[in-house]
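Quick note: the coordinates plus some simple rules give every number you see, no bench work behind them. Only a predicted model underlies this, so the values are computations on that prediction, with no experimental measurement involved. Positions of Cβ are generated from backbone atoms using ideal geometry, with glycine treated the same way; all protein chains shown enter the neighbour counts.
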Amino acid sequence: MIRKPLLAAGVAGLLALTAACGSGDGGGKESGETALTYLVFETPSLDAKFWDDSITAATTQTPGVKINKIVAPSTDRDGYAKQLQQSGQFPDLLQSITPSNFVGAGLLKPYDKTWIDANFLLPSANSLKGEVYIPPTNSQIVPQVYYNKKLFTDAGITTAPKNWQEFLDACAKLKAKGINPIELGGADPFAASMPLVGIISADILGKNKNWLQDRYADKVKFADADMVTAVNKYRTLVTSGYFDKGALGVKYADSITRFTTGKSAMYPMGSWFLGSVPKDTADNFGSFPWPTDSGDVVVPFVGGGSMAISAKAKDTALAEKFGQAWSLNPANLKALIETDGAFPMIKGKTLEDYNVTVTKVFEESYAYVGQDNNKVSAIGWATNDDALPAGLNDAFYAAAQALFTKDDVAGELKKLDEAWKTAAQ
Amino acid sequence: MEDRRTVRKRNSGERGLALLAALALGLYLVFLVLPLLLSLRSSFTNENPLKAQNDFIGLANYTEMAGDDQLRASLTFTLILAFGVTIAANALGVGFALLLNRTSLSYRVMRTVAFLPQVLSGVIVAFVWQTILTQNGLLNTALVNLRILDEPYPWLGSPHAALFSIGLVVTWVMSGFTTVVYLAALQSIPLELHDMASLDGVRGTQRFRKITWPMLAPGTTISVTISLITVLKLYDIITVLTGGGPANSTQSTALYIVKLAFTSDRVGYASAVAMLLLGISALVALTVTGALRRREVSL
C-alpha cells in the first residue's frame, strides 16, 4: 500500500529538486536595464570597495547597464571562470583572465581595434592572432630584481650587477657577509618559478623572441642544449647557497615581508611587488633587470589589462561600452599603480595625470617600459600569442620547485616537453 | 476491527514517511547517483569545459592512466597518507577515549575539546596549521628561540617533511572523530564484564587486551573505515597547506583530479581518474570492512 504514495512523492520530490537546481543565469533585463555579470577577484589592495567604486563609476558612463559582481573565491580567476562555464554560468565580463585559455572555444569577443589603437601605447601587447580581448591598460615586468641598497653597501657592493658574472659576485659577497643573497617565496609555486622565468626570458627569449612560437611549431624543445645550459644557472644559484635552504617553505606573502625587513638582499619578483615597498624606507630599494651573460638589457614584459567580454553576453555592445569606460578611468589605474605596481599604458598620459604618489624605485622600474630595449614575453606570464598552453604553467612551477632540490635539469626539462605535448593536444 | 480514525491515522503516517523517504531518495539520486553517472559517461569522452562538443573516445582515458607518472605519484602519496593517518588517528582515538572515559564535568568538557578539530572546517584548520608550520611559523620560531634548531626547518618545504606535516594535521583532525567513536564503544561495554574481570584478578594491560580491545571491535570497524575513506578523498587541507607542492610531492589524487579538470581543461580524463579513485576507495573500504567484520565475529 505504501508503494503508490512513495512513487508519487518520489517523482514530486525529484521534480521539485530539479526545479530548484535549475539556476537562473544572474543576468537579463532588470527594470529596463540590462544586467551583466562581472567576474572580479579581491586582494588586500584590490578590495571590495575598489571594485564597487570602479563598477559604479563605469556604470554611470554606460547608461542602461546593471552590473552583478561575482567574486572569484581565489585569485585563480581562470580556474573559476572555467568552473562557471562548466556549470553554464560563464560571466558576461571577466577581469584579468588569460584570454588564450578561452578564445579557442569561442567564448570571448574581441574589442574594437580602432578603439584599442586610439587609446593604448602598446595596442598589440595582449594581441591573440591579431585580435585584442583585454584592453592593454597596464603592463608588468616579470621579474625584475629588487635589491636592498643598505645590505649591498654592507657587503661592499657599490653598484647594481649589470651582467651574470657581476650578479654571481654580488651573491658571493653577500653570502660571505652572512646575508641571504636572494629571497624566494618557494611555497607558492608561481613565486618559486620567478628565477626560472628570469633566466629563460633573459637567456633564451632574449636571443630568440619567437622561441615560444617556435615551441608551438615544434622547432625547439625545452630539452635543447641552450635551455639546459640556461636552467643550469638556477642550479648554480641553489647549490651555491644563494637562496635560504628552506625557501620552499616560505609563503609568497612572507617572502615580501622577509625582503622588505632586510632578511635578504635581492628579490626577483613581478613588478607588482612595487605596491608592497614600504613608503618610509622606499629609497633603500632599487631594481635592475634579470642579468644576462653579456650585460645586454632584456625586459621580460607582460601586457596587463582590464576585462574580457563574453561572446555570449546578453548585450555584447553594452558590455564592450562598460569595459571601455572601466578601462579608461584614471581612478582605477591610480589604485592599480599605487597598490599593484602596474605600469600605466594609456596613450597621452603621464604618471602625473593619474595623480599618484609613487616611489623612486617605481619610477626606476617604469623607465624600462618606455625605453627602447629588448622587450620579450615573460615565459608563463604572457597573455598574448606567447601564452603557454593550458595546464603547462603548473608543470613549469613544479619543475621550478623540483629543481630546487634535484640536479636533473635535463630530466625536468624533458618532462616539460612531455607536458607540452599533452597540453597542446 | 480497526475503526476508521485509526486507519486514517495510520495511512497519513505512512504518507508522511513516504514523503520523507522520497525526499531522501530524490536527494540521493540527484546529488550522488546522477553526478556519478555523468562522470562515468564523461570518462569515456575528451570533454573539455570550454568546448561545446566532445567526442566519445572509448577507453583512451583509462589506458592513458597506465603511463601517467603524476597519477602514480598522487596515488602513492594518497595511499601512504590514508594508511598512516588511519593507524595514527585510531591509536590516538583509543588512547584519548580511555583517558576521557569518565563521567565528571571536567571530562565531559575535555571530550568536547577533543572533538573540536572534527567540527572545524578543513580550510580553517589548514590555515591555522599553516601559521604554525611555515618557515617563519610559530613552530620554527619556538624551536630556534629554544635553541633546539640552529635554523628554521622546512616543515612544508621539503617533500618528506611536507608529507609528515600533512599527516600530522590530518591525524589531529581525524583523532577527534575516532575519539568519539571509541568513547561510544567503550561506554557500550557492560560494566559486569569489568567487575567479573576484577574478581578474577585481571587488571591493567591484560584487562585491556582481553576485554576492552575485543569489545571495541565494532567501533574499530566504523572508525577505521571512515578514516580511510575520508583521507582517500582529501582535498581541502592539502590545497591550503601545500597546494600539492613542493613539486607535486604532496598532490593527493583528489587535488590532481581538480587540477586536471579546471587547470588543464581535461574533464574527461579527470573523470576517468575520479572513477579510478572511486574504485580504489570502494576496494579498500570493502576489504578493510570485510576483514574487520570477520575479526568482530572471531572475537
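The figures follow:
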| quantity | calculated |
| --- | --- |
| Peptide A:386-396 - average C-beta neighbours from other chains (10 Å radius) | 3 |
| Region B:105-119 residues near the modelled B:Ile132 label - backbone nitrogen below 16 Å, point 7 Å along Cα→Cβ | B:113-119 |
| Point-to-point label distance, B:Val7-B:Leu193, nm (Cα→Cβ direction, 7 Å offset) | 5.0 nm |
| Cα-based Rg / Dmax (Å) for region A:281-332 | 19.3, 53 |
| Cubic angstrom per residue, convex hull over Cα atoms of region A:362-415 | 141 Å³ |
| Cα gyration tensor category, rounded, prolate or oblate, for region B:79-298 with a/c compared to 1.5 | oblate |
| Rg to Rh, two decimals, where the protein assembly as shown supplies the alpha carbon set and Rh follows Kirkwood | 1.03 |
| Shape of region B:64-156, Cα gyration tensor, a/c cut at 1.5 | oblate |
| Theoretical ellipticity at 222 nm over chain B - DSSP helices of four or more residues, -39500 (n - 2.57) apiece, nearest 500 | -23500 deg cm²/dmol |
| Cα centre as origin, Lys/Arg/Asp/Glu Cβ charges: region B:79-298 dipole, Debye | 420 debye |
| Debye log10 I(q)/I(0) at q = 0.14, 0.27 Å⁻¹ for region A:51-107, Cα point scatterers | -0.45, -1.14 |
| Volume in Å³ per residue [convex hull over Cα atoms, computed for chain A] | 177 Å³ |
| Peptide ranges B:63-70, B:214-221 listed from the most packed, as the mean C-beta count within 10 angstrom indicates | B:214-221, B:63-70 |
| Charge dipole magnitude, Cβ of K and R +1, D and E -1 - region B:82-207, Cα centre, debye nearest 20 | 200 debye |
| A:Ser45 versus B:Leu36: modelled label distance in nm, points set 7 Å from Cα along the beta carbon direction | 4.8 nm |
| Partner lysines for A:Lys251 [C-alpha distance under 19 Å; skip if fewer than 8 residues away on the same chain] | A:Lys263 |
| Beta bridges by DSSP in chain A, antiparallel share as percent, to the nearest 5 | 60 percent |
| Choice from A:Ala410, A:Ala58, A:Ala118 showing the highest fluctuation, given a GNM over chain A with Cα pairs closer than 10 Å | A:Ala118 |
| Cβ-based exposure ranking for B:Leu138, A:Leu318, A:Leu416, A:Leu122, in which fewest neighbours within 10 Å come first | B:Leu138, A:Leu122, A:Leu318, A:Leu416 |
| Choice from A:Ala400, A:Ala317, A:Ala202 showing the highest fluctuation, given a GNM over chain A with Cα pairs closer than 10 Å | A:Ala317 |
| GNM flexibility winner over chain B from B:Gly95, B:Gly245, B:Gly201 (Cα, springs under 10 Å) | B:Gly201 |
| Whole-Å distance, taken between Cα centres, linking region A:178-249 and region A:332-384 | 24 Å |
| Sites B:Gln118 and A:Thr114 - FRET efficiency at Förster radius 51 Å, r taken between beta-carbons, to 0.05 | 0.25 |
| Nearest-20 debye value, the protein assembly as shown charge dipole, Cβ charges on Lys, Arg, Asp, Glu | 2700 debye |
| Helix-only mean residue ellipticity at 222 nm for chain A, each DSSP H run of n ≥ 4 adding -39500 (n - 2.57), per residue, nearest 500 | -12500 deg cm²/dmol |
| Label-point gap, in nm, between A:Lys414 and B:Glu14 - each point 7 angstrom along Cα→Cβ | 7.2 nm |
| Signed unit charges on C-beta, dipole axis of region B:79-298, positive-most listed residue B:Ile80, B:Ala185, B:Gly137 | B:Ala185 |
| Percent antiparallel among DSSP beta bridges (both partners in the protein assembly as shown, rounded to 5) | 60 percent |
| Region A:123-242: C-alpha pair distances exceeding 17 Å, % | 66 percent |
| Averaged over A:75-82, number of beta-carbon atoms from partner chains that fall within 10 Å | 3 |
| Options A:Ile70, A:Tyr366, A:Pro99, ranked by Cα towards positive dipole end of chain A, top entry (Cβ charges) | A:Ile70 |
| For B:262-271, mean number of other protein chain Cβ atoms within 10 Å | 5 |
| For chain A, with +1 on Lys and Arg beta carbons and -1 on Asp and Glu, the positive-most of A:Val145, A:Ser87, A:Ala176 along the dipole | A:Ser87 |
